[in-house]
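A.B. asks: The structure's right below; bear with me while I get my questions together.
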Amino acid sequence: MLLSLLLDMSLAILGAGIGSGLVAIGAGMGIGKIGSSAMEAMARQPEAAGKVQTAMLIIAALIEVIALFGVVVCLLISFKG
């Protein structure tokens with residue numbers, strides 16, 4: 001009984017750690033892709049740099065919010081037991 005409970009708790013903590021790592025990697029890749037695309041767009045059309053930068057910052061903020069939500073969910077999973 002106790003061994004089963006400890007195994008369940010350790011698996012929850014392991015899953016939360018892996019999940020938060022994947023969330024961080026995904027957010028980093030998403031923001032990197034946004035940044036590279038925005039720099040390419042600004043290089044092609046310098047006169048539209050302001051609009052591109054504004055859109056880039058809004059999308060980056062949305063990605064960060066989703067990543068924060070994912071980390072909070074992983075923390076809730078780790079504190080399950």
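A.B. asks: How long is the gain from MET39 to ILE18 if the chain were fully straight, where each residue apart is worth 0.36 nm and the alpha carbon distance is subtracted? Please report the intermediate quantities before stating the final value.
C.D. replies: On the way: separation 21, 0.36 × 21 = 7.56 nm, distance 3.16 nm.
Roughly 4.4 nm would be gained on extension.
A.B. asks: Return the Cα extents of the chain along principal axes one, two and three, sorted largest first, each rounded to a whole Å.
C.D. replies: In descending order, the Cα extents are 67, 15, 6 Å.
A.B. asks: Using a simple spin-label model with points 7 Å from Cα along the Cα→Cβ vector, what separation in nm is obtained for PHE79 and GLN53?
C.D. replies: 3.9 nm
A.B. asks: Sequence gap at least 6, Cα distance under 8 Å: using those rules, report the relative contact order of the chain to the nearest whole percent. Walk me through the intermediate numbers first.
C.D. replies: Numbers: 44 pairs, mean separation 43.4, N = 81.
Over the chain, the number comes to 54 percent.
A.B. asks: On a 0 to 90° scale, report how tilted helix 49-78 is relative to the longest principal axis of the chain, with both axes built from alpha carbons and the result rounded to the nearest 10.
C.D. replies: Its long axis makes an angle of about 0 degrees.
Here, each number is a calculation from the coordinates, and none is a lab measurement. Since the model is a prediction, treat every value here as computed from it, not as a measurement. Neighbour counts run over all protein chains shown; Cβ positions are idealised from the backbone, glycine included.
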